[in-house]
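Trainee: Provided herewith is a single structure, encoded as structure tokens, for subsequent inquiry.
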Amino acid sequence: MLSTAMLAMVLGAAHAEEPVQPVAPAPETTTDAPAKSEAATEVTIPFEEYDLENGMHVILSPDKSVPYVWVNIWYRVGAKDEVEGRSGFAHLFEHLMFQGSEHRDDEYFAPLQKIGAVINGTTNWDRTNYFEGVPSEQLPLALFMESDRMGWLLPALTEEKLSNQKLVVRNERRQSYENRPYGMVWKWLAEALFEEGHPYHIPTIGRHEDIDAASLDDVKAFFKQWYVPSNASLTICGDYDVDEAKALVEKYFGHVPAGPTPSPIVEATASLTEEKVVRHTDDVPHHKVWLAWHTPALYKPGDADLDVLSGILSAGKDSRLYSKLVHDLKVAKSIEAYQISNLLSSFYVIEATASPGKTTDELVTEIDRVMADLVKDGPTDEETNISKLNIEAGFYRDLGSISRKANQLNQYYIQTGNTGYIQTDLARYQEVTPGSVHRAQETWLATKNRVVLHVTPEEKAPEPAAKTDDSKTDDSKKEEK
């Protein structure tokens, strides 16, 4: 599955290790056993979980393969939870959380970078995530740093820091959206797919005017509402002693004030009743087009089938769209299909770059022909199985990375309520059939209720010819003689 973060500037890094042998979760875990598919190979990530008295969820997943520990914390707040006129706050806090807290009122990165840590944070529509990868003996430092900004950020938050980070975020918007080729595409798609007032209508980066208008009282109120223990899940994955880790978690997080439990948005509908054709010219090098349809939300029926369809359509030179548009007809330089899976509502995208001399309207015509042929005949067993195997291989690759495992455990807990959801997640792909892919395409993509976004290069006026001064030209010639 492709998340919004992957395509809207995912930040982060992965620390890869040798794969560990899957074992059953520790006995004290309260997690229900994941559902099993008869055809599925059992796969688990070992963990145990519990809640602190202040409501913070803790997930511990030991992995002794390397002397390294990954600390990953998710907050149930994203751009979808912002209110009108206050867009961009979740992302703004991604920056403010690195500016120091009461007991360490200085730039966040310095003490961790000295010990070789990997540090970052990401924000999307659905959640906010912070993480540190540190040598095993530095786990206390990582936990102290995370706990201090959870419980004591506000005493160190000043008007000067806020003003500085507002400028940083607005400049990031310019660099990532307004001044980057095709950077505005995700803003244009979101506005066309989701009507005004929908939680996904505004990109995570927010609006300039909202960020600029944010007051110190505004951002303090947002922090008090969302960055509380009961709205957070902490995962520690790597080389550590479990009992020592529990003691450290209690030491650093146990006395963080609980605060009120917030209520994130968990449901919102989105639909299109007609085709929306949007055309923009921009300072870009190529003619490109994006076709987008509303599709099932993350983990809902049809989501996995559309991921498998993506491989059938555009993974490799033998895929349906690539072989026809790029290889045979040569109307496209490149083409890609992918499902953008989100918590409230997903959307499916086909993105294509026109070959020289071809138009984006020609691309749409040929894409529609390929899609109609697939609806008519359905995918083959072979292409369905190849796509499924590629996805399954990704599950096993991720078991060799403590960073990916830590993040996945938090995602499963926050977004499904079942930390041990990996087997169920894998099974939904293993159970995909050519027939289920066919039905998903017919249900969600065989419709003109979609957005078609054309982006073409600006026509630049030719530069005026340089003016000449005849008298000076003649004089120069005389001097040359």
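Read-outs throughout are calculated quantities, based only on the coordinates presented, and are distinct from any laboratory measurement. Everything numeric here is computed off the predicted structure, so don't read it as measured data. Positions of Cβ are generated from backbone atoms using ideal geometry, with glycine treated the same way; all protein chains shown enter the neighbour counts.
Trainee: So what does the Cα-only Debye profile of region 94-145 read at q = 0.20, 0.28 Å⁻¹, as log10 I(q)/I(0), no solvent term?
Mentor: The computed values of log10 I(q)/I(0) come out as -0.72, -1.18.
Trainee: Could I ask something else about it? Starting with the fewest neighbours, write out Y227, Y299 ranked by other beta-carbon atoms found within 10 Å of each beta-carbon.
Mentor: By the 10 Å Cβ count, ascending: Y299, Y227.
Trainee: Which one of S233, A332, W188 is farthest out on the positive end of the charge dipole of the chain, using unit charges on Cβ (Lys, Arg +1; Asp, Glu -1) and the Cα centre as origin?
Mentor: A332
Trainee: Taking the number of other C-beta atoms within 10 Å as the exposure measure, put W152, W125 in order starting with the fewest.
Mentor: With the sparsest Cβ surroundings first, the list reads W152, W125.
Trainee: List the equivalent ellipsoid semi-axes of region 175-238 in whole Å, largest first, each obtained as the square root of 5λ for an eigenvalue λ of the Cα gyration tensor.
Mentor: Three semi-axes, in Å: 27, 18, 14.
Trainee: Rg and Dmax of region 229-368 over Cα atoms: what are they, in angstrom?
Mentor: Computed over the Cα atoms of region 229-368, radius of gyration and Dmax are 22.8, 66 Å.
Trainee: I need the peptides 143-150, 52-59 ranked by packing, meaning the mean over residues of other C-beta atoms within 10 angstrom, with the highest value on top.
Mentor: 143-150, 52-59
Trainee: A further question follows. As an exercise, take the mean of 1/r over every pair of distinct alpha carbons in region 276-457, invert it, and state the Kirkwood radius in angstroms.
Mentor: The Cα-based Kirkwood calculation yields 17.3 Å.
Trainee: Shifting gears a bit: Counting C-alpha atoms alone, how compact is the chain: give Rg to one decimal and Dmax as a whole number, in angstrom.
Mentor: 25.6, 99
Trainee: Would you please calculate the Kirkwood hydrodynamic radius of region 115-215 over all C-alpha pairs and express it in Å, rounded to one decimal?
Mentor: Result for region 115-215, one decimal place: 16.3 Å.
Trainee: Rounded to whole Hz and in sequence order, give me ³J(HN,Hα) for region 187-203 from the Karplus expression 6.51 cos²θ - 1.76 cosθ + 1.60, θ = phi - 60°, writing x for Gly and Pro.
Mentor: For region 187-203, the Karplus curve yields 5, 5, 5, 4, 5, 7, 6, 10, 5, 3, x, 6, x, 9, 5, 10, x Hz.
Trainee: For region 43-253, what's the radius of gyration and Dmax over Cα atoms, in angstrom?
Mentor: Taking only Cα atoms of region 43-253, I get Rg and Dmax of 18.1, 51 Å.
Trainee: So if I take the alpha carbon set of region 364-445, get Rg, then get Rh from the Kirkwood formula, what is the Rg over Rh ratio?
Mentor: Rounded to two decimals, Rg/Rh equals 1.10.
Trainee: Amide H of D282: which non-local residues (sequence gap of 5 or more, or other chain) have their own amide H closer than 5 Å, using H built in the peptide plane?
Mentor: Excluding prolines and chain starts, which carry no amide H, the hits are T456, E458.
Trainee: If you don't mind, there's one more thing I want to ask. Step through the residues of region 261-267 one at a time and calculate ³J(HN,Hα) from phi using the Karplus curve (6.51 cos²θ - 1.76 cosθ + 1.60, θ = phi - 60°), rounding each to whole Hz and writing x for Gly and Pro.
Mentor: 7, x, 10, x, 5, 10, 8
Trainee: Please report the Cα spread of region 264-317 along all three principal axes, rounded to whole Å, starting with the longest.
Mentor: That works out to 38, 32, 25 Å along the principal axes.
Trainee: How do 343-351, 100-108, 422-430 rank on mean C-beta neighbours within 10 Å, highest first?
Mentor: 343-351, 422-430, 100-108
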